[in-house]
Every structure is written in structure tokens, then in C-alpha cells.
Amino acid sequence: MIRISQPTVPESAHAVVLQLLKDGQLAQGKFVQQFEESFARAHNSRHGIAVTNGTHALLLALQSMRLDPGAEVLTTPFTFAATANAILEAGLTVSFCDIDLDTFLISPNSISNQLTDKTQAVLPVHLYGQMSDMKAIVNTATQHGIGVLEDAAQAHGASRDGISPGQLSRATFSFYATKNMASGEGGMILVNEDDEAQTLRLLRNQGMRGRYEYETVGMNYRLTELQAALLLPQLDSLSDITRQRNRNANLLSEGLKDCEGIITPVIVPDSTHAFHQYTIRIDAGAPLSRNGLQKTLAEKEIESVVYYPQPLNKLPHLLSHPNVRLGSTPNAFVAAESVLSLPVHPGLNESHIDQIISAIKSMY
Ligand SMILES: *Cc1c(COP(=O)(O)O)cnc(C)c1O
């Protein structure tokens, strides 16, 4: 079976984890700190704050931005539910903007259209590992005096116009089992302001600066040494991982380029796509529907997944939610109906890629 994802913990982590177990060093400590520093440096940010998971990372980052209760946060409905859940959990209002259909990323035009006097932040999602247009978005945000938070849960090591996630604002990452860097669960917040980093460290650790030195109300959102030990070697190989994902993506796009009705992913110029997912669109010109294509692939032992079958502004429990503004998002609706993600992870070799291409071509 060719799976859609395959977590890979480098061998070099095994001995380190065993040693930590022997030494009894389990809670947040020096590995976490080393990982925070290295991860921030690798993404051209000043501070890294490691936390329990990517959803908590979003929640804490929103809390540290000190927006007014109920303030509107602009985001895309074509994302994982965590993005909107964190906004709502922080006591804010979600306001949905549309995406550009070729990249699946939040449309800078739609951001301008959806702004109101209640808008206090914009939260672009670097979906599938491709960065949103942060230069344009930060420009608009600065003009209107609103904050920016980037959901980079899928975009470890990505860049666009020479800029990394979080470099122009602040960003959050996830280390969930299926992400490009994985420790089962885990998250990271990158910020550039010293006082914001300080606030986040307090919020993560019961409001304590040192042991029993309480400054504010906080919670426990700490990462563990074991998780950091799994992640450190993955950070060292992040550029290799990204290169392998891009190699697989290029082979797939080359192999599928003459398949009518299949639209392969667009890589924006001057960017590094992290290819967390390789996502095609199936349009009316294809010989089979998306369902039919998925079935054909499954028969040949190839897993494919729809990320995401429903835009968040179609979820029944959000339709009538008092803190949700649904917006007008025709492109997001089309994307949800037509996308399909194919395996692209670094565990695949050229023969696996050929199998995927042949399976799709066999329909023609
Ligand atoms: C995975 C993911 C999250 C949430 O991360 P967790 O670590 O699972 O909490 C948030 N946003 C996006 C876009 C994601 O893909």
C-alpha cells in the first residue's frame, strides 16, 4: 500500500531518546530550548516558543496579540478546522475570505473586500506547504493597522520572495504525526518581538517566569524533552526532506501533464513549496469523477485523500454560529468539490511515483 503519509524519525534520534529515558529527563528542558532556538533560526525569526500542538500554538499566539473580545479575524474557509476553532476559542470572531483557485491560498483582494471596522487581524494559512503572499498581506494589514498571524502548520521550511513563515509577522507550526516534521503531537510559535515572546512563555507555563514566580494567569502548554529529541534531527534534515518532496512533486506533475481534466499544482515564482500535500484538481474534462479516481487508485493500493471535503463556512455548526461571518467564497466551494491529494512524502521512490502515474493514466 502506498500511503498518503509516513512519519520518519531519523535513526539518530533513537539513542538520544533512550538516554533521556534512562536519565529520567522527560519534561521541558534543554532539548526543548535548543529546538526552539534552532527552529527559529532556520526560519529567520527571533524567538521560538514550543508548545503542546499546533492548535494551542494558534490559540496562544492570538491571545498574545491582545485583540478586543469579539474582534474579527479574517481567514480562509479552505483549511483544517483548527484554524477557526482557535479563533473562536480565543473569544474572537471568524470572518471568511475567499481563496485563489490556482494556489488554494487566501486571496489578498478578498482580504481587502472583507475588512470592516471590527477587523483586527488576518490569519493566512500556508495550505499544502505553499506560502501565502505575505508581502501583499502584511502591506494591507499595515495600511489598516491590523495584526497578522500565519498558520504554517503545513509549511516547515517553506519560503516566498526570500521570506520564511513568520519572518514578517508571527507564525505557528504543528508537529502532528502526519506533518513534514512530526513528533506525534507538538507545536511551535515564532515571533520577532521580545515582549511578545516573554508573554507567550508565561502563558505556556502557568504564568510563571521562574519556579513559583507568578506574573499572570497561564496554563500548561509545554512540549516534552522526548518530543524535542525526535524533532531536532528532523530539523537538520528539513532541507533534504523538502527537496525530496519537491522531486516527487515534479515527477508527478511531469507524468500527469497530458492528462486532460487533471490540474497539477501551481508553484508560485521565487518560492520554495514544502509540499506537505501534492494536490490536484479534477475538472469536467477528466474521464472519471473524483470518487471514481479515488476508487481506481485504491484498487491499485494507492491511498488518496480529499483535504478538505467541506469548506469551514459550510459546516452546519458554524452556519448559525454567532461569532462566524460566512463571507462569499465561491472559489473555496469549487476547491472542496474538486481537490484530491496524492502521496508525495520522502518515503516514496521513483517506482512508487510511476505506479501512481500509471494508475491515473490507465483511466484514459
Ligand atoms: C495540523 C493543522 C493544524 C493543527 O495542528 P495540531 O498540531 O494538529 O493541533 C492547524 N492548522 C492547519 C492548517 C493544520 O494542517
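The values are calculated or read from the model by the stated rules, or taken from the named source; none is laboratory data. Because the structure is predicted, anything quoted here is derived from the model rather than measured. Glycine also receives a Cβ, built like all others from the backbone with ideal geometry; neighbour counts cover every protein chain displayed. The area values use the complete protein model at the heavy-atom level, side chains included, leaving out ligands, DNA and RNA. Shrake-Rupley method; radii C 1.70, N 1.55, O 1.52, S 1.80 Å.
General remarks:
- Meets criteria (modelled with pLDDT under 95 and either part of a loop (DSSP other than H, G, I, E, B) or crowded, with 16+ Cβ neighbours inside 10 Å (or both)) for Pro287: yes
- Residues in the range 301-324 include none that are under 21 Å from Pro265 (Cβ atoms), touching an Asp or Glu at 6+ places or on another chain (Cβ under 8 Å), at pLDDT 95 or above and open to solvent by less than 60 Å² (accessible area, probe 1.4 Å).
- Only residues that are more than 12 Å from the chain's Cα centre (by Cα), within 12 Å of the ligand (Cβ to nearest atom) and not aliphatic (A, V, I, L, M) were counted in the range 79-95, giving 2.
- Positions within the range 153-166 being over 10 Å from the mean Cα position of the chain (by Cα) and over 17 Å from Leu200 (Cβ atoms), in sequence order: Gly157, Ala158, Ser159, Arg160, Asp161, Gly162, Ile163, Ser164
- Whenever a residue of the range 101-116 is in contact (Cβ under 8 Å) with a residue 60 or more places away in the chain and within 13 Å of Gly327 (Cβ to Cβ), its partners that are open to solvent by less than 30 Å² (accessible area, probe 1.4 Å) and among the aliphatic types (A, V, I, L, M), lying with C-beta atoms within less than 6 angstrom and at least six residues away or across chains, give the pairs Ser107/Ile99; Gln114/Leu74.
Here's the yes/no breakdown for (1) in contact with a Lys or Arg (Cβ under 8 Å, 6 or more places away or on another chain); (2) modelled with pLDDT of 95 or more; (3) surrounded by fewer than 23 Cβ atoms within 10 Å (Cβ to Cβ); (4) not in a loop (DSSP other than H, G, I, E, B):
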residue: Thr103; (1), (2), (3), (4): no, yes, yes, no
residue: Ile111; (1), (2), (3), (4): no, yes, no, yes
residue: Val122; (1), (2), (3), (4): no, yes, no, yes
residue: Gln143; (1), (2), (3), (4): no, yes, yes, yes
residue: Ala155; (1), (2), (3), (4): no, yes, no, no
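- Residue count for the range 119-154, restricted to those that are over 21 Å from Val306 (Cα atoms) and within 11 Å of the ligand (Cβ to nearest atom): 2
- Candidate set: the range 40-60, residues that are within 15 Å of the chain's Cα centre (by Cα) and part of a helix (DSSP H, G or I); chosen: the one surrounded by the most Cβ atoms within 10 Å (Cβ to Cβ): Ala57
- If you go through the range 337-355 and keep only what is over 25 Å from the mean Cα position of the chain (by Cα) and touching a residue at least 40 places away in the same chain (Cβ under 8 Å), you end up with Glu350, His352, Asp354, Gln355.
- Of the helices (runs of 4 or more DSSP H) lying entirely inside the range 172-265, the ones with 2 or more residues being at pLDDT 95 or above, open to solvent by 30 Å² or more (accessible area, probe 1.4 Å) and acidic (Asp, Glu) are found at 194-204, 238-255.
- Among the residues listed as Gln33, Gln63, the single one being open to solvent by 20 Å² or more (accessible area, probe 1.4 Å), under 24 Å from Asn180 (Cβ atoms) and either of a type in the set (Lys, Arg) or part of a helix (DSSP H, G or I) (or both): Gln33
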